[in-house]
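Worksheet for the structure shown next.
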Amino acid sequence: MYEERLTLRPPAAADEAELLRIHSSEAVARWWDLPEDGFPWTDEPQAQRLVIELDGEIVGLIQYLEEASPRFRHASVDLFLDPAVHGRGIGTEAVRRVVSHLVGERGHHRITIDPAAENAPAIRCYEKAGFKPVGVMRAYELEPGGEKWRDGLLMELLVGPRAGSPQLKDIG
């Protein structure tokens, strides 16, 4: 449906205002908090960030981090979307593409994602992309405003010969 119309690309300076608008929206800031000064360039410089475009319009951002230590090698993914495009499968498609890159080109066998435990729409999105719940991380992060701790749901996607794990063809 969106495969041909969806593009993932590195951010450019001209993207900053639109990414800030989306990130600052109530529906995104509820989970991500308000953007740090210098976003999208400075708050997680080790993250690889990609702008999500639909038909040439910016609709969000997806990022991944890689643990390079051979003993613990894995990657993690996170994203946000403009509330105007929520519920249309765009997030699932973006996650699938990044997972395909991380597995096929970067050699990862395990990808994690950690939405807030009460963020049911995000959890459904990640399940559609092949992620499975692993467990609840209690008092995992401070809610925006820093007054209350909320739980996170650790989810992972394993690829390879392990029984029950999807193969690359199943997620890409």
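Read-outs: derived from the displayed coordinates by stated rules, not from any lab. Please read all numbers here as calculations on a predicted model, not as lab measurements. With ideal geometry, Cβ positions are generated from the backbone for all residues, glycine too; neighbour counts draw on all protein chains shown.
With the convex hull drawn over the C-alpha atoms of the chain, the volume per residue is 124 Å³. Taking 7 Å steps out from each Cα toward its Cβ at Glu26 and Gln48 produces label points 3.7 nm apart. Estimated from helical segments only, the mean residue ellipticity of the chain at 222 nm is -7000 deg cm²/dmol, where each DSSP H run of four or more residues counts as -39500 (n - 2.57).
Full extension of the chain segment joining Glu127 with Asp151 gains 6.8 nm, where the gain is 0.36 nm per residue of separation less the Cα-Cα distance. Report for the chain the percent antiparallel among DSSP-assigned beta bridges with both residues inside it, nearest 5. Among the beta bridges of the chain, antiparallel pairing accounts for roughly 95 percent.
Taking Cβ atoms as reference points and 14 Å as the exclusive limit, the residues near Asp15 contribute a net charge of -2, counting Lys and Arg as +1 and Asp and Glu as -1.
Note on the stretch 15-91: Cα-only Rg and Dmax are 13.4, 41 Å.
Electrostatic tally near Val59: other residues with Cβ closer than 10 Å to its Cβ, Lys and Arg +1, Asp and Glu -1, net -4.
Centre-to-centre, using Cα atoms only, the stretch 72-115 and the stretch 45-67 are separated by 10 Å. Coupling constants for the stretch 51-57 follow from the phi torsions by the Karplus curve (6.51 cos²θ - 1.76 cosθ + 1.60, θ = phi - 60°), and in residue order they are 6, 9, 10, 10, 6, x, 9 Hz; glycine and proline get x. Compared with the direct C-alpha span, the chain from Arg106 to Ala120 gains 2.1 nm at full extension, assuming 0.36 nm per residue. Karplus-based coupling profile of the stretch 27-37, in residue order and whole Hz: 5, 8, 4, 4, 9, 9, 6, 6, x, 6, 4, with θ = phi - 60° in 6.51 cos²θ - 1.76 cosθ + 1.60 and x standing for Gly or Pro.
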